[in-house]
Structures are given as C-alpha cells and as structure tokens.
Amino acid sequence: LFFADVQRLEDSLGGLRRFVQLFRDGSPLHRRAAGDVGIDSGVDTAPFWAEVHVAERTLIVLYDSAFASGSTQYAVSLERASSVGIYAEAGSASDPYNNEWLQAYQVALARMGLPVHIITRPEEAQPGVTYFWRINQMFEGGRFAFAPGGGVGQAIAAHLVAMQSHGDVGLWPRPETMQFYQDKIALKALFDQAGIPQPKSWVVTSLGDFEQLFRLGELKASDFPLILKHPYAASSRGMVGVGSLAEASQVLAAWLAEHQVPCLLQQRVRIGRDLRITYVGGEIIHGYWRVKADSDSLSTATGAGGSSLDFQIPRAELAPFVREFALRTGIDVGGMDIAFPEGSGPVVFEVSPIFDLNPETPAEWAQRPYKEYKQTDDYTRRRAEAYAQCAQRIVEYALRSRRCLFVDIDNTVNDAINRIRRAALPAWPGETFDSARAFSETELASDRPLPGAVEGVAAVGRDWDVSFLTARGKPGVFGPTARWLEQHGFRHSRLILVNAASEKAAWLKDAAATGLGRARRCAGRPVVLVDDLTRAHHRAAPEADEEVIRLLEAQGTLFQVFRPDATPWATLPTQLEGVARTIEEALARNVPVR
C-alpha cells in the first residue's frame, strides 16, 4: 500500500495542471471510491487506486504488490487547460480604473497557466468559453450613467445576459447580479425580500409621497435624523443629511429639484466606523474598517470623508453572516458595506457585484487619512497586486462552481456502433468482437461525431464542467481518444478512461460525495452522467446495460440516457437544465435527490 501527495505530484509536473488519474502499463488503473478502499489481507487483491482527502491534503492511495519491483510502468493524466477569456467592453475598457481590473484578470490567468481569449465585442465570443468581465458606468461610453430606474445596471445586465444566451458562453461575475449595480432602490427591494437587515428606508418621488408616509404613520418624527441618498450614484454623491422634521420638506424639495430622480430616505445610523467586506463565493477574501475622521460625517468613504482604515477585522465572526447573505441574495461575488449600530446586530447598507479594493497600508500609515496614502506609488503597486489576487479567486470560484457533467463517448457523441460491427466475429451480427481491432488507433480515428454533438457539448459547457468518462481500457488508447476529441472540437476539462462501464460508478460516487482532485471539483454541485447505457453492440440489437444502471441507481447518481431519436443533442441542454435545478433545490434543502 503506497501513498502520494497530489500537490507534490502536480508541482513535480510543472504545477499548472491538475492530476486526473493513474495508468498502469498503458491501461487505466482500476479506481475505487474513497469509502471502499479496505483490503482483505487474505485475498489476492488486484491493483487499484483511490483518492482521499485528509484535512487540507489530497492523497493518492495505491495498492499494487508489484509497484516497487520496477516491473510495472506508471503514468498519470492531467486536466486540460480551461477555456477562459476576458470580455473588455470598449466603453468601460477606456476607463483607467476599470482597465486596472481587466489587467488584473490577465495577470491572474497567466499565473494560473491558462491561455486567454480576449474579446471586445460579443460576436467575437467562442461557444463554451468562460469570459471574465469588468464593466462599470462607462458602459457604451457612459450613456446610461446616473440614468433613472437603475439604467446603467439594468443595461449592463441585459447586455451580458443576451451575450450569454446567444453565444453559449459563460460570464463571470454572474450577469444577472448587475441589475443591482448603482441602484439602491432595487437593492432595498432585494434586501426586503431576502430578509437582510438594513437601516429603515423609504423611497419618495415627490413631497406628496413624503407627506403620505407621515399620514399613514410609516415615517415618524422619531425616525430622524435621515440621510437623503441618490439611488443611482456612487461614492456618496448626492448624499444630504436632514436633522429634523422641521427642515425635511425644504431640504427634500431642493434635492428633488436638483437631481430629478426618486430619493432614498434612510434613517441615519450613528456609527464611528463601518466595514467594507469583499467576498467571493460567500467567503471573505478582503476587508477593513473605515474609521471616520469626524463622527458627524455622513460618509465613511476614504475619498470624500477622509477616513482611515483598520484592516484588523473579525473574519471568523463575520463569516457565517456573509455566507448567508450571499446565499439569500444570490450575489455570490461582491463588495458589501456593513455597520454595527450600538445595541443591535449588523445592518447592510449596500452591495455591488463590481467593486474596488483598498490595499492594506504599511504600519506608518495606519493612523493617517487613507486618501493621502492613495497618492503614493506604494498604494498603486499594492492595489494592482490586490486586484490580481481577487481576480484569481473569482476565476477559481467560477471554474469550480459549475455543475459537473460526465459524458460517455462511444455511441453518445460518436457512431462507435459502426466500428464495433466491423470488428464483430465471425461477422456482424456476431457472438463477440475483436477488441484489438475495434480499439486500434486507425479504427478509433474513423469514428464520426453524431449530429449536433459538438455543438451540444459546447452549449452545456456554459453552465457545466464537462468530463468525458468512457470505457476504453486497452493499452495505448488514451492518446488516440484525446486526439479525436481535439480534432473534432469537443470542449472538455478532463478525459477519464475506465476498463469496464461498471467502473464509472466509483468516479461518479466520489465526484458527488467529496469532489475530484485537490480542488474537490463537483463537491456540493449537481453531478449528472449522459450515457447511452447500452452494451453488446456486436449483436443484431444492443441491449440495456442493466448492471451499470443498477449501480448508478443504488448510489443515487443521476443519469440521462442518451438516445439519438428521443434525446438528441439539440434538446439535451434544455433537459439538463431542468435536472440541474431539481438537484440544486434538493442540495439547498439538504434532502436526497432521486
């Protein structure tokens, strides 16, 4: 029994691509599920391997009595580089602040060893590629900036959703979250619906609305002081304080006349500091206290208010709140502002799916206004590194959070039945077949993709991490199989070979239970197999593979039986979307999926 650390193995192979599986003398070594690695010392056990997670480490467990003898040859396969890109929308890319983030994504992807496809127009997008974007109020030259009704956020969201739907591409952060960008009214409605604690707030479009709130008792004199906020502005622009009911009508009338948009009235929360938290996938990656220079200041912003920053935050205590916030709102990547009013729990002022990061200061700047530190070269260098690290976390989260789809090859994406018939013995329909001929490099290369298969796999690749999982156990088959997939343009993350179809069960069991590899891909995500689930193609009529079906059903693996006539690739993406939603709802409720 031997053990190997997966990270050390990957580092020895260059460190840029992840380990997938072991091969012994050219054939895939039998994999056991992590929970099935027990060995009966009284039985001559055939060689096998398993993958187990211990604390923060991932280990290969290998059983092979001949391993140390030198008589066997071992090899490993690695994941393919993910298909990723950057969408540099021309209007926003021209903004220097926005361009810093686009450069940060380039740095992050280079560090990860991922080739990047940079585009400036939606029509340049390639199906199946995941594009990372950063678009701000300069979208389309800034023509939507400060527009009523959350115009800029709604316009960006609609633009990205259309690009995603028509181009079969993935986009991160999630396009739909941009509808809340620079729209405090939409955020208030979201927080109300999701049960997020927030300061008492009201929306008025006229003095009549304001007076109506008082007549109905929804706004009282005891609610003062208030802050008037511009619902579609950022960086404290349009923020005005109102100390009492006596001055409210006059101040509000002047505000409405100046800005010509609805006004968000918000009860002023008396605080000396608030928190800016940046999170990815609900996990805190950056944060700091913004400490007011003057307790009477309306804003804690470092530019407008002259605040200082304290980077010592209670991460462990905040983590459950932030995680729950991301889950309830559906905004899984964001920068949020939180305060802790005296005598109460946290309240959230706002969140944005795009944000800036202020890097931690050197010790000598700790007590000085942060806006002064922003003028230094050290700030510029540290901010660029902070952006790159955050961009890398977003990329890693996006790639590992996709649903996991395992796809068979033979008779699911190709016409292998013709190849098997040619190898049938004594002739087709036959009693058996010549496996050496059927899986020879020449014969494998002759397979043709089924109609719509290449396009279908690319389409599901927008929301699913696609792995090919196929029963091809002959020595030397991996190379020809990989080349065939590449030649015909099948996008995928990994190619997994097994000796027999029944061995697929262990891979699928581990994927759903603990995840695969050091990144634990698929853990906590929908896991589905697409497979024709037939056997005996050398006979007159193939038959259902009842053994594999029973194994999959017994361990709770969901599968979609592929039939060219009943479930062609043209309709599979839609069917899989329904299956995925069922699984995700079950996972959220922590109930079994059947």
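Here are some notes:
- Carbon/sulfur fraction of accessible area - the stretch 110-258, other protein chains in place, 1.4 Å, %: 54 percent
- Each Cα pair under 8 Å and six or more residues apart adds its sequence gap; the mean of these over the residue count of the chain is a relative contact order of 13 percent.
- Per residue solvent-accessible surface (Å²) - the stretch 185-333, probe of 1.4 Å: 44 Å²
- Normalising the average separation of contacting C-alpha pairs (under 8 angstrom, six or more residues apart) by the number of residues puts the relative contact order of the stretch 187-266 at 39 percent.
- Evaluated at q = 0.20 Å⁻¹, the base-10 log of the normalised Debye intensity for the stretch 434-584, with identical point scatterers placed on the Cα atoms, takes the values -1.68.
- Out of every Cα-Cα pair that the stretch 169-241 contains, those further apart than 22 angstrom amount to 35 percent.
- Computed over the chain, the per-residue total of -39500 (n - 2.57) for DSSP H runs of n ≥ 4 gives a 222 nm mean residue ellipticity of -10000 deg cm²/dmol, rounded to 500.
- Sorting 320-332, 395-407 by average packing, meaning the other beta carbons within 10 Å per residue, from highest down gives 395-407, 320-332.
- Distance between the stretch 484-527 and the stretch 441-466 - C-alpha centres, whole angstrom: 15 Å
- Accessible surface computed residue by residue for the stretch 20-112, with neighbouring protein chains in place and a 1.4 Å probe, gives 45 Å² per residue.
- Separation between Cα centres of the stretch 376-419 and the stretch 214-242, rounded to whole Å: 43 Å
- With Cα atoms defining each centre, the stretch 95-147 and the stretch 162-203 are spaced 19 Å apart in the structure.
- Compactness index (Cα Rg / 2.2 N^0.38 Å), the stretch 403-444: 1.36
- Spatially close Lys pairs in the chain, defined by Cα atoms under 29 Å apart and a spacing of eight or more places or different chains, total 22.
- Looking at the stretch 465-541, the accessible area is 32 square angstrom per residue; that uses a 1.4 Å probe and ignores ligands, DNA and RNA.
- With the simple model of a label 7 Å out from the Cα in the direction of the Cβ, Gln312 to Ala254 spans 4.2 nm.
- Cβ crowding within 10 Å averaged over residues, with 381-392, 506-517, 274-285 ranked highest first: 506-517, 274-285, 381-392
- Using alpha-carbon coordinates, inclination of helix 315-329 to the longest axis of the chain, degrees: 80 degrees
- Arg368 accessible area, 1.4 Å probe, all protein chains in place, Å² to nearest 10: 100 Å²
- Taking Cα atoms only, the orientation of helix 96-111 departs from the longest principal axis of the chain by about 30 degrees.
- Sorting the segments 92-98, 182-188 by their mean number of nearby beta carbons within 10 angstrom, highest to lowest, gives 182-188, 92-98.
- With pairing defined as another cysteine C-beta under 4.7 Å, the cysteines of the chain that fail it are Cys263, Cys390.
- Carbon plus sulfur fraction of accessible area for the stretch 438-580, probe 1.4 Å, in percent: 52 percent
- Taking the stretch 436-555 and dividing mean pair separation by its residue count, relative contact order in percent (alpha carbons under 8 Å, at least six apart): 19 percent
- Overall shape of the chain was characterised from the C-alpha gyration tensor. The equivalent ellipsoid obtained from it has semi-axes of 55, 26, 22 Å, in decreasing order.
- When Trp172, Trp49, Trp428 are compared by accessible surface with a 1.4 Å probe, the order from highest to lowest is Trp428, Trp172, Trp49.
- Sites Glu123 and Ala81 - FRET efficiency at Förster radius 30 Å, r taken between beta-carbons, to 0.05: 0.80
The values are calculated or read from the model by the stated rules, or taken from the named source; none is laboratory data. No experiment lies behind these values; they were computed from the predicted model shown. Here Cβ is always computed from backbone atoms with ideal geometry, including for glycine, and neighbour counts include all displayed protein chains. Protein only, heavy atoms only, side chains kept; ligands, DNA and RNA dropped before computing areas. Shrake-Rupley method; radii C 1.70, N 1.55, O 1.52, S 1.80 Å.
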